[in-house]
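The values are calculated or read from the model by the stated rules, or taken from the named source; none is laboratory data. None of the values given here were measured: they were computed from a predicted structure. In this analysis, Cβ positions are derived from the backbone assuming ideal geometry, glycine residues included, and neighbour counts consider all displayed protein chains.
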Amino acid sequence: MQFLWKYIDDLVGKGLDWIIIFKLMAYVTITLVPLALPLAILLSSIMTFGNLAEHFELTACKSAGMSLQKIMRPLIICTILISMLAFVFSNYFLPIANLKMNALLYDVRQQKPALYIKEGVFYNGIDGYSIKIGAKDKDGKTIRNITIYDHTLGRGNTKVVLAESGSMVMSQDERYLILTLIKGSSYEERPGEQGRNNYPLMRTEFDEQVVRFDLSSFKLTRTNEQLFKDNFQMLNLDQLEHAADSLERKIADKRIEAERRISMNYNLVDSVKKPDQNNYDLNAQIGDQEILLFFPDHRRNMILNSALFNARNMKSIVNDNAEDIAHKSKNLAKHRIEWHRKFTLSFACLILFFIGAPLGAIIKKGGLGMPVVISVLLFVIYHVISISAEKFAREGVMEPSNAMWLSSAILLPVGIFLTAKATTDSSIFDKDAYLRVLKKITGRLKK
């Protein structure tokens, strides 16, 4: 739904085939798997162990001598397999889905709106023509008071066709729009003789005339997907490492080049450093302002202008190179973020399982009530931490390696804590336990 609302203006009114819409939505669905899979594991684990605890099946298993870890063992193995498949999906399938989605989305956004000529309004969708229809009958074909401006020659409004009525149909292959004009006239200004500023007007009257408009530009044109393959979202681990190494070398080369250009431009006029030795003692300490006194006025002005030019040139070099290095550094951070994301997806599935399973055993609630509320709350916390840390990494505030693993590092102790509490049948979510503690505290305060 978020994707549809975001690109609704690019999809509506373009006459796209349902197969194109289906492909686009399928690619978008695939790209949302990294967002949905951890939430699905969290919710399913809470519901599963919540149902087991609610129907006292966990109690029966524990009374038979089975520990919580042994009960969880089959699902732990299943979650590990899902995590491995998630890594394979993130490394091999997700880049392909991103490539195809972005390439198809680019073509859809470049697609012209579907042909729709309204009454009383000039339609300029067909290249080189401007068409106006005064009225359109209910059959959708018969039209009246037609005006067509022909701009195909690129000389302005030099040709116009007027007709009282006509019909408008599409060819069978929908490649041409065929207008059959009845009882009309055409006016055209012909180019005059070379060197003369006169434009003869040619007027033609007709009883019937057929005009064909080429609609090939309205069909969806597919762009070569290879043009998008260098984007960081379309790369696997090996390609990301190669691209990141290339960016690091480019940044290092850029810094070396910047230092070289700065050193070349840091050439204050040699004559400033070596004025006439007869005018002052070589061993004397002379300040920057005093040294200019040893030169004549015209020489002094030339030195100051040269120094000012060199300073401005150096500032421009520093700013240009700093912006270029900053841009490449942000691009490098995006590649590093995408590299770590392929591992954090799998690890997040494991962590959220070890949070959801013991949490379900503790709260002892199954179904779609309390588990959904708790799952959404925990996942929102996880997602907010992940998005915020990723933004810090993109802006250079944090290292990508630290930012992408921050949410996992925060939730890992929570999973260990809940697993330990569920193993010992702790009542951390038991309301009566907290009420008993509160009564003891209030009783002591009264005494």
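From the set of residues in the stretch 291-321 that are within 34 Å of the chain's Cα centre (by Cα) and surrounded by 13 or more Cβ atoms within 10 Å (Cβ to Cβ), which is modelled with the lowest pLDDT?
My answer is I317.
Which residues, taken from the stretch 398-409, are in a helix (DSSP H, G or I) and surrounded by fewer than 15 Cβ atoms within 10 Å (Cβ to Cβ)? Correct list: S401, N402, A409.
On the stretch given as the stretch 123-141, residues that are at pLDDT below 85 and either part of a loop (DSSP other than H, G, I, E, B) or closer than 18 Å to E208 by Cα (or both) total 10. Here P38, P74 are screened, and the one residue that is surrounded by fewer than 17 Cβ atoms within 10 Å (Cβ to Cβ), out of contact with any Ser or Thr (no Cβ under 9 Å at 6 or more places or on another chain) and assigned to a helix (DSSP H, G or I) is P74. When each of L24, L4 is tested for being without any contact (Cβ under 8 Å) to a residue 12 or more places away in the chain, assigned to a helix (DSSP H, G or I) and touching a helix residue (DSSP H, G or I) at 6+ places or on another chain (Cβ under 8 Å), the lone residue that passes is L4. Say whether the condition of being at pLDDT below 90 and within 22 Å of Q2 (Cα to Cα) is met by at least one residue in the stretch 53-70. No: the stretch 53-70 contains no residue that is at pLDDT below 90 and within 22 Å of Q2 (Cα to Cα). Checked against the criterion of being surrounded by 13 or more Cβ atoms within 10 Å (Cβ to Cβ) and within 21 Å of M72 (Cα to Cα), the candidates F347, F379 yield just one match: F347.
A quick yes/no check of all residues on (1) in contact with a strand residue (DSSP E or B) (Cβ under 9 Å, 6 or more places away or on another chain); (2) under 26 Å from E338 (Cα atoms); (3) modelled with pLDDT under 85; (4) assigned to a helix (DSSP H, G or I):
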| position | (1), (2), (3), (4) |
| --- | --- |
| P358 | no, no, no, yes |
| G367 | no, no, yes, no |
| S386 | no, yes, no, yes |
| F392 | no, yes, no, yes |
| G396 | no, yes, yes, no |
| A422 | no, no, yes, yes |
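For the stretch 296-344, a tally of residues being of a type in the set (S, T, N, Q), in contact (Cβ under 8 Å) with a residue 12 or more places away in the chain and closer than 19 Å to S263 by Cα returns 4.
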